[in-house]
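What follows is one structure encoded as structure tokens, with my remarks underneath.
The values are calculated or read from the model by the stated rules, or taken from the named source; none is laboratory data. This is a predicted model, so every value here is computed, not measured. Cβ placement follows ideal geometry from the backbone for every residue including glycine, while neighbour counts extend to all protein chains displayed. Remember, those area values only see protein heavy atoms, side chains included, never the ligands or the DNA or RNA. Shrake-Rupley method; radii C 1.70, N 1.55, O 1.52, S 1.80 Å.
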Amino acid sequence: FKLSGGFSIRAQLFSPDDKPIDGQTWEFFNNWESRVNVTEYEIDRRTGAEVPDLLKLPKSAITSTYQMPMLRGLMRNVEIRGQLCLSDLIVPETGDYQIVAKTQSGHANIYLDLNQNKTWDPDEKLITNTPNSEAPITSKTFTLTKGQRYPLRVDHKTGMPRPVVLVYLKKGDERKREISSF
């Protein structure tokens, strides 16, 4: 496809007399660079709002791995699962920042490797167990340096049917901006 950015195609099967036949197929396409590594896990659905530490789950719990161009929840979901998203946050300008996150039909923990030591220290867990009400949760304030790459991790316990996870970057008093741009 020669279109730039994201686009979708919906397909429908028709009978020879132009009557639609059951079902449609919908697929999203894009030519954006995939920058988010995703690992999906089978998890216990009885954990309530608590998001398990997905990096501590055994490899046998992994159900799939793939890449996405943006940080987001699943498009459609029919079961509870763990979705571990790893990427780098590239800082647009030096300053004091906050992370803002909200979820619907699920919960999330947000981590940022502030000291860039490739480990997830306890104080780098900036947001814990977001509610599934789309109420925004704002992290503590931290300082980032322009052009630096900070590993970003989202442990997302998906819900049903539409497990949305939205993560924003907010600098000082400026309005928050969706984090995938960075």
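Probing with 1.4 Å while keeping every protein chain in the model, the per residue accessible area of the chain equals 58 Å². Evaluating 6.51 cos²θ - 1.76 cosθ + 1.60 at θ = phi - 60° for every residue in region 35-46, the Karplus couplings come out as 10, 10, 8, 10, 10, 9, 10, 7, 10, 6, 6, 8 Hz, glycine and proline recorded as x.
In a DSSP loop and with at most 15 other Cβ atoms within 10 Å, the trypsin sites (Lys or Arg not before Pro) in region 89-182 are LYS118, LYS140, LYS146, ARG175. Looking at the chain, identify the longest residue range that excludes and avoids all GluC sites (Glu not before Pro) in DSSP loops having at most 16 other Cβ atoms within 10 Å. Maximal segment without exposed cleavage sites: 94-133.
At a 1.4 Å probe, what is the % contribution of carbon and sulfur to the accessible area of the chain? C and S fraction of accessible area: 50 percent.
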